[in-house]
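*Asks:* I have a structure here, written as structure tokens, and I will follow up with some questions on it.
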Amino acid sequence: MNKIIKLFPPLRVHFWGGLGSQLFAAHLVIKVQERFPGRRVRVIAHTAGVSRRAIEFKFEKLGAQVVQIEDYKVRTNLRRVNDNAFLNSIEIKRILSSTLLAALKWSCLILKPDTEESFDSIRFWTLSLRGHYTKLELKQSRIQTLYKSLPLNVQSPSDQVNSLVIHYRLGDLLELSNKHPIDVLRVEGCLDGFISTIDSAVLLSDSAIEDVALFLRNSNRLKTLELATHEPYTTLEACIYSYQFLGTNAKLSLWAAIFRWFIFGKTSYLPVEFSWVANSGIQSKWY
């Protein structure tokens, strides 16, 4: 069977998003390789999003090929088209496209493996996977493989480790109408309830320090903390190695908590929106 699988076209794993999303795609690649040893995997990196996304994880370390698709488009105000013939042709194309997609999913050629149940639908003839891959079962051996592939400073000196790191996702959440940052009062309530000493706390964000300070202007305690913005791996490293960690609604926060638990046995503070990850055995304090 392994010889037959090698003759199939590479399984295409699509992803959209930053480092947090890419880590979920990488976890899927490892899981697929466990189930289908010898199956070639080609990662398709899409640059589309609210902002242009770049490849940050080295999928080659997992033995996967990588292809980047430049599909990012600057949002502009498009002129409305009222031509009925044009609108009818668009509707016909949409119906045909949805029908074809349904047929491909039925045949298991294209799948969206975002849960364990949908992952089990993958067959050796499946050609393409497209999803966010967030609710797949986490296994310590896979997390260790993923952690070892990260370019982190595992010998981080103890005097450079913060007593508390808060990772506050803002970024595109400040622009989107259907998603919002975690409320400041929720985070501060967590600080009051669970964390008694903050002697070297730092608040990390994906936004410019000026924007973070503006967002926190009405807060009581958060606005007094040291603010910093780093590139994603430096942020992830600080979150993993800190003595206490509080994450918000960011996939990077979630991965920091995952690595902290599976690699170091350290709990984290996470919003209840991520409570589904507890099904994989992660112990966290929810707020």
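*Asks:* So how do S253, S275, S128 line up by other beta-carbon neighbours within 10 Å, fewest first? Mind showing how you got there, number by number?
*Replies:* Numbers: S253 28, S275 12, S128 17.
Lowest to highest Cβ neighbour count: S275, S128, S253.
*Asks:* A further question on this structure: How do R221, R142 rank when sorted from fewest to most other Cβ atoms within 10 Å of their own Cβ? All intermediate terms of the calculation are to be shown ahead of the outcome.
*Replies:* Working: R221 14, R142 20.
Placing the least packed residue first, the sequence is R221, R142.
*Asks:* Using only the Cα atoms, work out Rg/Rh for the range 158-286, with Rh taken as the Kirkwood radius, to two decimals. If you can, show how the numbers build up before the last one.
*Replies:* Details: Rg = 13.7 Å, Rh = 14.7 Å.
The Rg/Rh ratio comes out at 0.93.
*Asks:* Could you compute the net charge surrounding P10? Neighbours are other residues with a C-beta less than 14 Å from the C-beta of P10; K and R count +1, D and E count -1.
*Replies:* Details: positive: K6, R12, R39, R40, R42; negative: E60.
Net charge in that neighbourhood comes out at +4.
*Asks:* Treat each spin label as a single point 7 Å out from the Cα along the C-beta direction, and report the E137 to L152 distance in nm.
*Replies:* 2.4 nm
*Asks:* Right, next: Place a +1 charge on the Cβ of each Lys and Arg in the range 106-147 and a -1 charge on the Cβ of each Asp and Glu, then give the dipole magnitude about the Cα centre in debye, rounded to the nearest 20.
*Replies:* On the way: 6 positive and 5 negative charges, 30 e Å.
Dipole of the range 106-147, to the nearest 20 debye: 140 debye.
*Asks:* Which distance in nm do the two modelled labels at Q68 and H180 give, with both placed 7 Å along the Cα-to-Cβ direction?
*Replies:* According to this spin-label approximation, the distance is 3.6 nm.
*Asks:* Treat the count of other C-beta atoms within 10 Å as a stand-in for reagent exposure and order T145, T267 from fewest to most.
*Replies:* Listing T145, T267 from fewest to most nearby Cβ atoms yields T267, T145.
Every number here is computed from the coordinates shown, using simple stated rules; none is lab data. Values in this document were obtained by computation on a predicted structure and should not be read as measured data. All Cβ positions, even for glycine, are placed from backbone atoms using ideal geometry, and neighbour counts span all protein chains on display.
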